[in-house]
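Student: Input: one structure, supplied below.
The values are calculated or read from the model by the stated rules, or taken from the named source; none is laboratory data. A quick note: this is a predicted structure, and the numbers were derived from the prediction, not measured. Using ideal geometry, Cβ is built from the backbone for each residue, glycine included, and neighbour counts are taken over all protein chains shown.
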Amino acid sequence: MKLILKSLFLSVFGLALFDVSAQKIEPIPIKKFYKDRVTRNLQFLCKEAECLDNIVVNERGLYMYPTSQRVDKPEFILYWREMSHFNGLLDEMPHEEIIEILKRKGSRYFYGIKSTHVDPAKYPVTDYLGLKVAIDPGHMASNMGEAILERRYMKVEGVNYDRNSDIEFFEANLAYTTALRLKELLEDKGAEVMLTHDYGKSAMGINYYEWLETDFKKDIIAGYKNEWYNREKFNYLLSGEATDFVMFNDVFLNKDFVARANRINAFKPDLTLVIHYNASEGSQRYDDKYLPPVKENYSMVFVPGSFLGFEVDGKDEVDQRFELLRLLVSSDLEESNVFASNIMKALDKELKVDALPSDNTFTFANKYSILSDMAEGVYHRNLYLTRAVKGPIGYAEALYQDNIDEIPLLGKKDYTVGGITTSSRVKEVAKVYFSAIDQWLKYNQEFTKKLDALYDDKYGDEEIYAEELKEQESEN
Ligand SMILES: [Zn+2]
């Protein structure tokens, strides 16, 4: 609020009050700092040339176009000196308001920008006290029946292990209990933790069957307006003939994702962790239920980035373009990458599960992702949550649930947390995430020290600044 008032005040008086010669300019090489950041981030944010050609980076700043720079005028312009102000706005205002401000500003500078400081760590959280962590436990089943509806369950024939009875468990249970255990570990240290939903419920507070009792047709209509499905599917969903599987996946689940992101952003966390358990790609169930155990066992973690051309091209895609702009300029991408790399390291060292090798042939990796340069197994990918959640985020897919050695471990019912019975294996996974958060805090501590050193360096850029102001005046 303070910041909003300040910008209002400055916009009333404009630049007239602004006296360059009297102003003490912070001696920080702001242009180099942000140009380096934007240039580095860009390599991981665009998967296709059709995304890259919406962006121009030059000596003055960053220009983003609604399609290609060869066809359109820029939609957003940020000069290097404005970047820390923009990062401040991200903390203070809803995105729609910032989009309006940027559109009004056009090629002019923000009114009254005088700050020349760099803000490398948007969240300089270095201690558990004051740390806010949002945890999103993947999926929402609380029993095998619901897990079958969301098709996230494991059922393995006992004969694989010389047993009479089958082994069964489901991902929503593992993810939720991992989250609860991690919450305990973090709260013991003084952190504040939020979970996006209750066990067995969506982030709207109801499960699928409760949702069917509501006026769900309005959600089908809203989903169509949001382009979740085409006209044909829309008609099918409204027909009353749609199967539970389609209704669940195409309407209810999308609505749940939006609600999860909204809850996280309303909490304003310093760090967000999405918890899933992995499974081998392409396994086929037999006898309509059983999965065959596999030998491989790999983990991966998703972070934001890897936008495709169609996701950022065109008038309607302004929201995704704005997220792309946020990820280019803020520290969110770097901090996500650090967090995800620490998760991979802990999975490897503590849990003894390898990162998915980079020479894999999986479709998700080749068509939709960019491999991080910080750790194997970490992929930039434009999922709804990696894009819509503000701030650093790691979307973890730990171990293969269908791995031959994991199955008997995950199938145990030998641990209870928050009144929910599960496998004690989740305690070990929770410990991994706890270690990664610990390392992330240490990285921020180091970064704060580096930042202090940077402030000690003497650079004089008053002259550059005066040049920029002159340029701007001649443009206006
Ligand atoms: Zn999952």
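Student: Pull out all pairs, ordered by first then second residue, where Cβ-Cβ is under 9 Å, the residues are six or more apart or on different chains, the first lies in segment 149-171 and is over 17 Å from Val294 (Cβ atoms) and among the hydroxyl-bearing types (Ser, Thr, Tyr), and the second is assigned to a helix (DSSP H, G or I) and more than 16 Å from the ligand (Cβ to nearest atom).
Tutor: Note: pairs meeting the criteria are Ser165/Gly158.
Student: Restricting the search to segment 316-373, which residues are among the charged types (D, E, K, R) and closer than 26 Å to Val56 by Cα? Spell out the reasoning first.
Tutor: Going through segment 316-373, the residues among the charged types (D, E, K, R) turn out to be 316-317, 319, 321, 323, 326, 332, 334-335, 345, 348-350, 352, 354, 359, 367, 373.
Of everything in segment 316-373, those that are among the charged types (D, E, K, R) and closer than 26 Å to Val56 by Cα turn out to be Asp316, Glu317, Asp319, Arg321, Glu323, Arg326, Asp332, Glu334, Glu335, Lys367, Asp373.
Student: Is it true that some residue in segment 233-251 is closer than 26 Å to Glu311 by Cα, among the charged types (D, E, K, R) and within 16 Å of the ligand (Cβ to nearest atom)?
Tutor: No - not one qualifying residue is present in segment 233-251.
Student: Moving to a separate point now. Within segment 375-385, count every residue that is charged (D, E, K, R) and outside any strand (DSSP E or B).
Tutor: First pass over segment 375-385, keeping only residues charged (D, E, K, R): 376, 381.
From what's left, outside any strand (DSSP E or B): 376.
Residues meeting the conditions: 1.
Student: Still on this model: Which residue pairs have Cβ atoms under 9 Å apart, sit 6 or more places apart or on different chains, and have a first residue in segment 180-200 that is on the phi > 0 side of the Ramachandran plot and a second that is not hydrophobic (A, V, I, L, M, F, W, C)?
Tutor: Gly190/Asp127; Gly190/Tyr128; Gly190/Gly130; Gly200/Ser142; Gly200/Asn143; Gly200/Glu146; Gly200/Tyr176; Gly200/Asn207
Student: Scan segment 263-283 residue by residue and report those that are outside any strand (DSSP E or B) and either of a type outside the set (S, T, N, Q) or away from the ligand (no atom under 16 Å from the Cβ) (or both). Before you say what the answer is, go through the steps one by one.
Tutor: Narrowing segment 263-283 to residues outside any strand (DSSP E or B): 263-270, 279-283.
Scanning segment 263-283 gives Arg263, Ile264, Asn265, Ala266, Phe267, Lys268, Pro269, Asp270, Ala279, Glu281, Gly282.
Student: Looking only at residues in segment 151-187 that are more than 16 Å from the ligand (Cβ to nearest atom) and within 20 Å of the chain's Cα centre (by Cα), which one is nearest to Asn403 (Cα to Cα)?
Tutor: Here the residue is Leu182.
Student: Hey, another quick one. Report the residue count in segment 282-315 for those that are hydrophobic (A, V, I, L, M, F, W, C) and in contact with a Pro (Cβ under 9 Å, 6 or more places away or on another chain).
Tutor: From segment 282-315, those hydrophobic (A, V, I, L, M, F, W, C) are 291, 294, 300-303, 307-308, 310, 312; that's our starting set.
Narrowing further to those that are in contact with a Pro (Cβ under 9 Å, 6 or more places away or on another chain): 303, 312.
Count: 2.
Student: All but one of (1) under 23 Å from the mean Cα position of the chain (by Cα); (2) closer than 27 Å to Ala436 by Cβ; (3) more than 16 Å from the ligand (Cβ to nearest atom); (4) not basic (Lys, Arg) hold for Gly190, so report the exception by its number.
Tutor: Every listed condition holds for Gly190 apart from (1).
Okay, residues lined up against (1) free of Cβ contacts under 8 Å to residues at least 60 places away in the same chain; (2) under 15 Å from the mean Cα position of the chain (by Cα); (3) within 16 Å of the ligand (Cβ to nearest atom); (4) not in a helix (DSSP H, G or I):
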site	(1), (2), (3), (4)
Phe339	no, yes, no, no
Asn342	no, no, no, no
Arg387	no, yes, no, no
Tyr395	no, yes, yes, yes
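Student: Would you confirm whether or not segment 202-223 contains a residue that is more than 16 Å from the ligand (Cβ to nearest atom) and under 21 Å from Tyr415 (Cβ atoms)? Steps first, answer last, please.
Tutor: The first filter runs over segment 202-223 and keeps only residues more than 16 Å from the ligand (Cβ to nearest atom), leaving 204-223.
With the extra rule that they be under 21 Å from Tyr415 (Cβ atoms), the set shrinks to none.
The answer is no, given that none of the residues of segment 202-223 is more than 16 Å from the ligand (Cβ to nearest atom) and under 21 Å from Tyr415 (Cβ atoms).
Student: Residues in segment 229-245 that are over 23 Å from Ala147 (Cα atoms) and in contact with a helix residue (DSSP H, G or I) (Cβ under 8 Å, 6 or more places away or on another chain): how many?
Tutor: The qualifying residues number 6.
Student: Let me ask another. In this structure, does Tyr379 turn out to be under 26 Å from the mean Cα position of the chain (by Cα) and not assigned by TED's automatic domain parsing to the domain that holds Cys46? Talk me through it step by step, then tell me what you get.
Tutor: Details: under 26 Å from the mean Cα position of the chain (by Cα): yes; not assigned by TED's automatic domain parsing to the domain that holds Cys46: yes.
Judged against the criteria, Tyr379 is a match.
Student: Condition check: within 16 Å of the ligand (Cβ to nearest atom) and either under 14 Å from the mean Cα position of the chain (by Cα) or crowded, with 17+ Cβ neighbours inside 10 Å (or both). Does Leu351 satisfy that? Outline the logic, then answer.
Tutor: Details: within 16 Å of the ligand (Cβ to nearest atom): no; either under 14 Å from the mean Cα position of the chain (by Cα) or crowded, with 17+ Cβ neighbours inside 10 Å (or both): yes.
Spelling it out, it is not the case that Leu351 is within 16 Å of the ligand (Cβ to nearest atom) and either under 14 Å from the mean Cα position of the chain (by Cα) or crowded, with 17+ Cβ neighbours inside 10 Å (or both).
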